[in-house]
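All of the numbers you see were taken from the coordinates with simple rules; none came from a lab. Small disclaimer: the values here were computed from a predicted structure and weren't measured. Every residue, glycine as well, gets a Cβ built from its backbone with ideal geometry; the counts of neighbours run over all protein chains shown.
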Amino acid sequence: MSQNISKLRNIGIAAHIDAGKTTVSERILFFTGVNRKVGETHDGQATMDFMKQEQERGITIASAAITAHWNDHQINLIDTPGHVDFTVEVERSLRVIDGMVAVFCAVGGVEPQSETVWNQADKYRVPRIAFVNKMDRTGADFNEVVGQMQKYLGANAVPLHLPIGAEATFEGMVDLVQMNSVRFVEKERIVGPIPEAMMEQAQAARRNLIEKVADLDDDVAELYLEDKEIPTDLLMAAIRKATIKLMMVPVLCGAAYKNKGIQLLLDAIVDYLPSPKDLGAVIAHDPYNEEKTCQRNPSENEPFAALAFKLINDPYVGQQTFIRIFSGKLTNGMSVYNTNKTKSERVGRIFRIKAKEREEINEAGPGEIVALVGMKYTRTGDTLCDEKAPLMLENIHIPPAVIEMKVNLEDKKNRSKLSEALAKLCNEDPSFRAHFDEETEETIIAGMGELHLEILVDRLNTEFKVPVTVGAPSVSFRETITAPFECNYKFSKQTGGKGQYAHTVIRFEPNPGKGFEFVDVTKGGVIPKEYIPSVEKGLAAAMNKGPFAGYPVVDVKCVLVDGSSHPVDSSDMAFQLCAQMCFKQAFMKASPVLLEPMMKVEINTPDDYIGNVTGDVNKRRGRIENMRRFRKGSQKLDAFIPLMELFGYATALRNLTSGRANYSMEFYQYTPTPKDKQEEIVKERSEVRG
């Protein structure tokens, strides 16, 4: 357990795919002594990419946690994926870290996924420092990346470094805080004076740094206005304070693959990113009164509070539940209360995780990130706390699954094995869905993108030993209504003995962006109070499969306005069935529409092909939001395109631009499908459903 909470750093490393996050993480592990040799992503030896699927593809899929030490500080490091299909991994990591290192490629600059991660970090108010990596690559431009951060991310990006050379001549950097030069030979850093030729440039950059800090700190401003020398420790304290308050983002540079700049990055993590103590109390809700808030300070003397943010199925020890402890002390065998499930759980064993390795410990305190074994009910986003002091921590946002795939067993005997494997995968990954369609007798899996599902199918075949074949991916639509409709439905069945009776009058209204909402205006006056939850339950069940095309129904407000009951024949089941029938009858009369996932697409293309690309976007029912100069000779296009028009887009874009353009996409929102397309989809679905 960390002896001094002020010397603890929980940090995440996040960026766009291929910016070099995992390489940065591997160098951090090497320089902190966790690893004796450096692992590389390209040869499948990276410590943090330990899944077979990660090693084969050279990308990060699951966020990995590891503990390292630097300058008498403990660093809990989480390396997150850069591919947009695994956004939920970044989301849940950002929910539990205290600070972030955002890695940018010195050539690519601010890429689409960089923006997504940045916005996620803004949402969770995570302080961050930036590391401009790959300064040794052709086309590297440090100032351009800093400018893009200010322009596209709205960040107050302030350089603490000035690169010495660039591309093939990149040697090191001028440290503008210490005002010296740092060069790298092999794995050693050599500190020396600033080169004479760069002195004027360095002094101007230092002035710029001090001016930016003076705007945010009174002590620095006072000395600056009096034209006095700013002591280094005062400047560092001011940078730290401004970074923690999200008022500035210190920017460093380096070339991780060539071992340049990592020690300075580690220094900056310790110097400028917060400890749990710096961030103070975590705010939570009272589970019995949502409007009432409570807080927990990062102290062992406070009641225990933690958030479960990740589940992993480990073949050796079973399910591991990763938690971040916000307050109190956790010990082996202790009983904790799961507020979300309203159940108590006993902690079996506690592990400190080192990627795929684990070290068993007896206790853990505030600020720690550990894995628990033996948790039966806990899932991603659940709050664990002291039963005598219950609270509910802010949950983790899970984006909707937008793409579906049919899964068929090669051997029908494996049906129960498949169900078990899918249940484990759904527990691990909340953005993954799986269900069995009774009508078509097919297993349907749904996720964030083609790569996401490809990885999970690969895991079914290799890790769970369940051989499956898959159909072509298809879009996961939603259904909703666009007009209000009131339905008066009476459910009555006489079968000789006790009959069944329920009567509801429900008004259905569009509820854009707010999901399913149930309101009882009768206040239990016409239907006995014990049957009101039955009505809500029946409506929720009916929305799992819409009457229009069999897709889930979203954004409907159901107002129970009237009804009646029978003293003998009414029952829980009768009211559930009545509500379902009422919903099905009303839905088709309330102007139903299909909603399709709209994707935000960013395309980088050379100027020569801009006409081909924009023409193709229009053909795909896309809308170009804006175009901007990316760098000399090329442009970036931001467009919104329906997902159903984007299957095979990678190949089409390559053909249109002789392989010179690239793109990335992420889910934006669900929007109504045009009438002609809607009719086509409904017709196809009705044929499939028989």
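Ordering S634, S686, M598 by Cα displacement along the dipole of the range 594-686 toward the positive end leaves S634 in first place; charges were set at the Cβ atoms of Lys, Arg (+1) and Asp, Glu (-1).
Computed from Cα positions, the angle between helix 572-587 and the longest principal axis of the chain comes to roughly 80 degrees. Which shape class, rounded, prolate or oblate, goes with the range 117-274 when its Cα gyration tensor gives a ≥ b ≥ c as root eigenvalues, a/c under 1.5 marks rounded, and past that a/b bigger than b/c marks prolate? Taking the square roots of the gyration eigenvalues as a ≥ b ≥ c, the range 117-274 is oblate. Computed extension gain for K584 through E226, at 0.36 nm per residue and net of the alpha carbon distance, reaches 121.3 nm. The three principal axes of the Cα atoms in the chain give end-to-end lengths of 100, 65, 56 Å, sorted in falling order. The translational diffusion coefficient of the range 405-476, from Stokes-Einstein at 25 °C and 0.890 mPa s with a Kirkwood hydrodynamic radius over alpha carbon pairs, comes to 202 µm²/s. A Förster radius of 35 Å combined with the Cβ-Cβ distance from M334 to Y668 puts the calculated FRET efficiency at roughly 0.20.
The aspartates and glutamates within cross-link reach of K21, meaning a Cα-to-Cα straight distance under 14 Å and a gap of 8 or more places when in the same chain, are E40, D49, E54, D79, E111.
By the compact-protein rule of thumb, 2.2 N^0.38 Å, the alpha-carbon radius of gyration of the range 282-385 corresponds to a ratio of 1.04.
Computed from Cα atoms, the angle from the helix 21-31 axis to the main principal axis of the chain rounds to 50 degrees. By the Kirkwood approach, averaging reciprocal distances over each pair of separate Cα atoms, the range 594-686 gets a hydrodynamic radius of 13.9 Å. Using a cutoff of 8 angstrom between alpha carbon atoms and counting only pairs six or more residues apart, the relative contact order for the range 405-476 works out to 46 percent. Look at where the Cα atoms of the range 397-439 and of the range 318-384 average out, and the two centres are 26 Å apart.
For K7, the aspartates and glutamates whose Cα falls under 13 Å of its own Cα, not counting residues fewer than eight places away in the same chain, are D72, D98, D267, D271, D278, E368. Measuring against 18 Å, Cα to Cα, the residue pairs K376/K465; K424/K465; K600/K636; K212/K245; K292/K529 contain K376/K465; K292/K529 as the ones spanning a longer distance.
Residue ranges 542-555, 591-604 sort as 591-604, 542-555 when ordered by packing (mean number of other C-beta atoms within 10 Å per residue, highest first). Taking only the C-alpha atoms of the range 506-600, Rg followed by Dmax gives 14.2, 56 Å.
Determine, from the Cβ-Cβ distance of V561 and R623 and an R0 of 45 Å, the FRET efficiency 1/(1 + (r/R0)^6), rounded to the nearest 0.05. Once rounded, the FRET efficiency stands at 0.65.
Put a dot 7 Å past the Cα of L234, heading toward its Cβ, do the same for V526, and the two dots end up 7.5 nm apart. One equal scatterer on each Cα of the range 477-547, no solvent, Debye formula: the resulting log10 I(q)/I(0) at q = 0.16, 0.21, 0.25 Å⁻¹ is -0.70, -1.10, -1.37. Using alpha-carbon positions, what is the distance between the centroids of the range 498-571 and the range 168-216, in Å? If you average the Cα positions of each part, the centres end up 67 Å apart. Counting 0.36 nm for each residue step from K292 to M179 and taking away their Cα separation leaves a gain of 35.7 nm. If a spin label sat at a point 7 angstrom from the Cα of D219 along the line to its beta carbon, the backbone N atoms of the range 256-273 nearer than 17 Å would be those of 271-273. Rounded to the nearest 10 degrees, the angle from helix 199-214 to the longest Cα principal axis of the chain is 50 degrees. Once you order the gyration tensor axes a ≥ b ≥ c over the Cα atoms, which shape class does the range 338-385 get: rounded for a/c under 1.5, otherwise prolate or oblate by comparing a/b with b/c? The shape class here is prolate.
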